[in-house]
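The structure under discussion appears below in the form of structure tokens.
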Amino acid sequence: MVVTLPRKEDNALLRIAREIIGKTYGEIALQLFDYMLENNGYVAEETLTKDTGIKSNEGRRVLQKMSEEAIIVPGKLKTEDSTLHIWVLNRVALKSFVLNRLKKAREKLEARLNYERDNIIYECPVCGRRYSFEEAYLNDFKCVNEGADLLEANNDEVISLLESKIKELDEKIAELSEL
Ligand SMILES: [Zn+2]
């Protein structure tokens, strides 16, 4: 497999990748990712604990997980007296991983936006719980929590929040697609 390492100009990609890797794989993955970026794009299994301070079995488990998306790929590095088993950051896979996650997040927001635009939403003035028309109807337009009368919700705010989040994602996706 041909591996292309991330470059200095990949600022946007690496920034967004950090966010997503942290959310998806957790703190240890983030530490490993940062270590690899600062150390020629790889980490060696044999020196993992010495290099990163992360317990070897824990580090390996996270590296395995990350390799499922091919963000990192296994390799071997010959040194003077031994062969190290290394994991190398793979820029191309990293980019498609990040783009896929952003596009999925966008799809979810878009579905939510369409729902908010197409449906009358009811809301409890006491606890703030939201209801679709069907749910409100089935509950006799009363809140299941404390029985307050449901009101038709003004969802303009929710809609504009969703719109601005989608716009943000579109900008990130466009920025990354150009890299
Ligand atoms: Zn309520």
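The values are calculated or read from the model by the stated rules, or taken from the named source; none is laboratory data. Since we're looking at a predicted model, the values are computed, not measured. Using ideal geometry, Cβ is built from the backbone for each residue, glycine included, and neighbour counts are taken over all protein chains shown.
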Flag if Ala174 is among the small types (Gly, Ala, Ser), within 16 Å of the ligand (Cβ to nearest atom) and either surrounded by 15 or more Cβ atoms within 10 Å (Cβ to Cβ) or closer than 25 Å to Arg7 by Cβ (or both)
no
Of all residues in the stretch 130-158, which are hydroxyl-bearing (Ser, Thr, Tyr) and farther than 23 Å from Arg112 by Cβ?
none
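Every residue, every condition in (1) more than 18 Å from Asp170 (Cβ to Cβ); (2) under 22 Å from the mean Cα position of the chain (by Cα); (3) charged (D, E, K, R), yes or no:
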{"site": "Phe97", "(1), (2), (3)": "yes, yes, no"}
{"site": "Asn100", "(1), (2), (3)": "no, yes, no"}
{"site": "Ala105", "(1), (2), (3)": "no, yes, no"}
{"site": "Glu123", "(1), (2), (3)": "yes, no, yes"}
{"site": "Cys127", "(1), (2), (3)": "yes, no, no"}
Taking the stretch 113-151 on its own, how many of its residues are under 26 Å from Lys165 (Cα atoms), more than 9 Å from the ligand (Cβ to nearest atom), modelled with pLDDT of 95 or more and loosely packed, with under 14 Cβ neighbours inside 10 Å?
1
Counting only residues that are within 17 Å of Phe33 (Cβ to Cβ) and among the polar types (S, T, N, Q), which one in the stretch 57-99 is surrounded by the most Cβ atoms within 10 Å (Cβ to Cβ)?
Asn90
